[in-house]
1. Could you go through the stretch A:27-48 and let me know if any residue there is modelled with pLDDT under 95 and within 12 Å of chain B (Cβ to nearest Cβ).
2. Under 6 Å between Cβ atoms, which residue pairs at least 6 apart in sequence (or on different chains) link something in the stretch B:338-353 that is at pLDDT 95 or above with a partner that is among the hydroxyl-bearing types (Ser, Thr, Tyr)?
3. Mind counting the residues in the stretch B:60-99 that are in a helix (DSSP H, G or I), within 14 Å of chain A (Cβ to nearest Cβ) and open to solvent by less than 30 Å² (accessible area, probe 1.4 Å)?
4. Among the listed residues B:685, B:678, identify the single one that is out of contact with any helix residue (DSSP H, G or I) (no Cβ under 9 Å at 6 or more places or on another chain) and among the β-branched types (Val, Ile, Thr).
5. I'd like to check something: does the stretch A:105-113 contain any residue that is closer than 23 Å to residue A:34 by Cα, in a loop (DSSP other than H, G, I, E, B), hydrophobic (A, V, I, L, M, F, W, C) and more than 7 Å from chain B (Cβ to nearest Cβ)?
6. Among the residues of the stretch A:128-145, what is the count of those that are farther than 15 Å from residue B:224 by Cβ, among the polar types (S, T, N, Q) and assigned to a helix (DSSP H, G or I)?
7. Which residues, taken from the stretch B:681-704, are farther than 24 Å from residue B:517 by Cα and surrounded by fewer than 24 Cβ atoms within 10 Å (Cβ to Cβ)?
8. Restricting the search to the stretch B:248-266, which residues are surrounded by 24 or more Cβ atoms within 10 Å (Cβ to Cβ) and within 7 Å of chain A (Cβ to nearest Cβ)?
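The values are calculated or read from the model by the stated rules, or taken from the named source; none is laboratory data. Every value quoted in this text rests on a predicted model; they were computed, and no experiment measured them. As a convention, Cβ positions derive from the backbone with ideal geometry for all residues, glycine included, and neighbour counts pool all protein chains shown. Please note that ligands, DNA and RNA were not included when accessible areas were found on the heavy atoms of the full protein model with its side chains. Shrake-Rupley method; radii C 1.70, N 1.55, O 1.52, S 1.80 Å.
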Amino acid sequence: MTTTTNALETFVKKATAVSAKVSEVGSLAEAFAYAVDLCDRKQACQLLVSGCELPLSGQGQALCDEKQTKVIAAPALAKKEFTAFAKLCKDKGFELIDSGMRSRLAGIDIGFTVCDLGIAETGSLVLDSSSEEVRLTTMIAEIHVAVLPKSRLRATSYEAEAEVLERMQGGPNYLAFITGASRTADIERVLALGVHGPLELHILLLEDK
Amino acid sequence: MQQAKTLAEYRSQCRQAMDDEFLRKAMDAFAVAYRTNRANAFADMNERELIAEIADAKDAAVSRLDELFAQFKAKAEQNGVHVHLARTAAEANEIIARIAREGGVKKIVKSKSMTAEETLLNHHLEADGYQVVETDLGEWIIQLRHEGPSHMVMPAIHLSRYQVADLFTDVTGQKQEVDIEKLVKVARRELRTHYATADMGISGANFAVVETGGIGLVTNEGNARLVTTLPRIHVALAGLDKLTPTLHDALRIIKALPRNATGQAITSYVTWITGANECAPGPEGRKEHHIVFLDNGRSALAKDPDFRQVLRCVRCGACANVCPVYRLVGGHKMGHIYIGAIGLLLTYFFHGRDKAKNLVQNCINCGACKQVCAAGIDLPRLIKEVHARIQDEEGHPLPSKLLGTVLANRKLFHTLLRTAKWGQKPIVDGKTGYLRHLPLIFGKDQDFRALPPVAEKPFRDRWEKLRPAVEHPKYRVALFSGCVQDFVYPEQLEAAVKVFAGHGAALEFPMGQSCCGLPVVMMGETGAARDVAAQNVTAIDPGSCDYIVTMCASCASHLKHAYPRILEDDPRMADKARRFADKVMDFSTFARDVLGVDEQDFASVSAHTKTAYHAPCHLCRGLGVTKAPRELLAKAGLDYVVADEEDVCCGFGGTFSMKFPEESKALLDKKLDNVKKTGATQLVTDCPGCVMQLRGGAQRRGDGIVVRHIAEALAERIKPR
């Protein structure tokens, strides 16, 4: 029990240190509510943050004009859960989608995923992204909301190794370790978040025991 | 890239780079920040153990590359991947161009790959008419500027935000503000359109994991995920050295790579791609996935017992991050395509002698890179050995050959030094004691530090009178002077004799000893290095003494670490050289730990002399001695003040300072500026080479600071007996 508590503390500390926002939720329904609330509080066009207000070439500008309403993507949820989530979104006038990310490359507001494992020592999420929709969701979303069931937390990458390996050995697989938001320090070593992927990463620790 | 034909041309390019004020400032800030970030990142880890494990695992993998490649290929093909092997860079480029041609490709997006830089892939593809867009921010910037990377993980570190804003203004046709946050967003939007319209994505690979047949990519920006997801074709280009038997091997490297590269515990993304994954526009909804392995000399290198460890490199760039020369001249001068210490080596093996021959001389041998290397590569030694190899291939330059011949003959060498004493008479300044002007063999560019004359009487001629009589000695000690102390600074040895007195050490000064040989190693004269090593091991019989003590950090480190290796193939000397090396000890450790020199040996009233300390490279890194000298200063009642960057090289580097005087001077100025900031009136160090550099520099600058060997500073404080 102590090890688990320590792993949890370490995870929160390490994830927070790389600018992830970590909260706890009691159920998936709570996680949906969190995502909807977050989406609601976003600027009318959060895409502004990722460059639409800036002077762009014609080609870059064209992408900004494609999107109209706020969009949340949750590509890998069970049908029942998706329906519940969709209802919450509809109440707010948001669109909830689970496919067609390739036609949304301009960006979506929130990508919602449930992670497969967590690695405490680095505050990392392990997300099997073999589904192209999952992969794209976590890249084109401006905010990535990731649920991590506490039972899936491992202390170190070595402790996660066997489970990760199993996924890789079962045929084609695309798997990601995600730690904080997309970042760069390529201009004068100044840290900037959200260069290609999400600008923010929110991790929701789900009590599942 | 290296186009310089001669050393003089290369030197002049380095000089120009040093005049780039932005570069100098950026590099300084980076060097200082990196040190702290790295230390923090490794704070709760056993760094040495991790590095040793990585080295062992890499060595094991490198020893069976052919086998690993065959296994990987079989495994990957089971998952629908096309695996290729390219013998040369040109072959790799042709394979990739053919894949593009057969796939009807027009536009290609790329994520960062040093291997693609190695093969100059973009040039090839662009010449074939493809549009190639780099998507890593730094790579995109340098691509737009038609430049190569200046750092392995931060390719645009040489550019300012102003230059990037101007560049983006050109690219977008709109005026861009000089605001990094905004510039990054502009890149985000501009590049997003390219992913959407590209037919092919090219990535590198940090790992090719044999047990899964998949690759691993370590990135921060996330562009590699888009590059490997959106286009219908994905080609990964990887050096054969990226083959690693297990996922565990890769996870182990990931523990060190980001920490060493940028001080991050892990990068934002680690992406594992195993097999041909789902891809909507691909054939039957699957990605057309190719992995091209590049040999380009790697197989041959793997079979080279002297240099195979070069293939351990994980491309973290740490060797550049800590290199004092990289910090001065930047990556475009400190490398051809690969950069930093490892870059000097890889240039020789991947891009040939012509590109490497000048570069490899621009290593000051301070050992900073070796200390941080994630794979424990003995970089400084290998750089010297590549230099020696190039000289063996191309013929040795006359000065180098001459020095080798002279040093290998002790009597000739010592006669020359004694003759110099007469020759210098007219030019010794009676007031300062330095040479008034430099003899003709020195260029004008050597004048940044005042040089001392050869001593009236070398230490070896003073020894008979000095030798203390010790009754019931506890230790038999052979003193090794090195040439500088024997012939230029004999007073430093006399001071050491005074500090050792009364502790039961019977001192000997074996007359057959000569130069340690490090200067000829620096010049690439392997034969002469072997000859002098054998002479010294013969002159000082390890069976006749308990310790071989030297006041010169460079000599000590060379005697201890290089001799056993230099003489290992000589059946008459090998064993003796090992025993010799075991007995070598530096002055401070010997005084503190063996003799137990302590507070009561020194005058009881504190001196209140504000004393700064310079840690010689070959002492603090070469021998790992850091505490002993600092503690002795405190024990002696000196007021030790800590200067910034105490363990950064003073710029001497023996013959380095003769070849690259501008760099030597810049390092010296930095060092003396840091000392000056402490308000110290005395600067102490434990190496006569450093003393020569620092004292001569302080004299020229008029810093009014006394520079001494630690033995002198301590001897002055010794209580009279």
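1. Yes - at least one qualifying residue is present in the stretch A:27-48.
2. B:340/B:326; B:346/B:338
3. Total meeting the criteria: 2.
4. B:678
5. Within the stretch A:105-113, none of the residues are closer than 23 Å to residue A:34 by Cα, in a loop (DSSP other than H, G, I, E, B), hydrophobic (A, V, I, L, M, F, W, C) and more than 7 Å from chain B (Cβ to nearest Cβ).
6. Selection size over the stretch A:128-145: 1.
7. The answer is B:681, B:682, B:698, B:699, B:700, B:701, B:702, B:703, B:704.
8. If the condition is that a residue be surrounded by 24 or more Cβ atoms within 10 Å (Cβ to Cβ) and within 7 Å of chain A (Cβ to nearest Cβ), then B:266 is the only one that fits.
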